[in-house]
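Since the structure comes first, as structure tokens, the remarks are kept for the end.
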Amino acid sequence: MDHMRTMAIPDMPIEEDQAKVKIFSSAVSLILSEIHANIKKKLIQSIKDTLNNGELTAVLVLNTNITITIQLCRHVAWLRSLIHMGAVKINEDFWDNVDVKLVQMHLLFKGNLAILNKAFINFLKDDHKHYGALKKKVADMTSLTG
């Protein structure tokens with residue numbers, strides 16, 4: 001709640017109004033849970049449908065103001081690889097397990113961003129091998145997001 005107040009979100013309930021704070025917090029939590037569930041569902045479906053990374057990324061950001069970048073494509077490839085390789089179970093702990101895998105990568109590479117970046121590049125290359133390469137340049141894909 002404090003983070004939202006610092007962002008000057010209008011109509012934020014004051015802390016003293018605990019009933020409104022609880023309603024607001026519950027609504028935000030529900031929305032975030034729905035977003036997480038939707039992303040997970042689309043990642044799983046993309047494996048069945050063999051969407052290439054660009055198509056998958058475009059589907060994930062459809063109707064948002066998120067710009068498709070090569071970095072985003074790499075991260076989407078990593079997420080899909082976790083499912084594809086069975087590195088995380090498809091259950092209610094999916095996102096917690098994704099967080100654990102990300103921490104493990106940071107520990108493995110000792111926080112070396114150059115090595116971490118290279119790993120994400122390789123995830124995208126592997127994704128291209130399994131699901132096909134990007135059919136458009138990333139800059140051209142932004143128009144697909146609506």
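The values are calculated or read from the model by the stated rules, or taken from the named source; none is laboratory data. A quick note: this is a predicted structure, and the numbers were derived from the prediction, not measured. Here the Cβ is made from the backbone with ideal geometry for all residues, glycine too, and neighbour counts use every protein chain on show. Calculation scope for accessible area: heavy atoms of the full protein, side chains included, ligands and nucleic acids excluded. Shrake-Rupley method; radii C 1.70, N 1.55, O 1.52, S 1.80 Å.
Listed values, structure above:
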read-out: Residue 23 accessible area, assembled protein chains, probe 1.4 Å, Å²; value: 120
read-out: Probe 1.4 Å, protein heavy atoms only - accessible area per residue of the stretch 34-91 in square angstrom; value: 53
read-out: Across 40/110; 20/42; 48/110; 22/48, pairs whose alpha-carbon gap is larger than 31 Å; value: 20/42; 48/110; 22/48
read-out: Nearest-0.05 FRET efficiency for residue 91 and residue 22, computed from C-beta distance (R0 35 Å); value: 0.80
read-out: Euclidean distance between Cα centres, the stretch 22-69 to the stretch 113-136, Å; value: 20
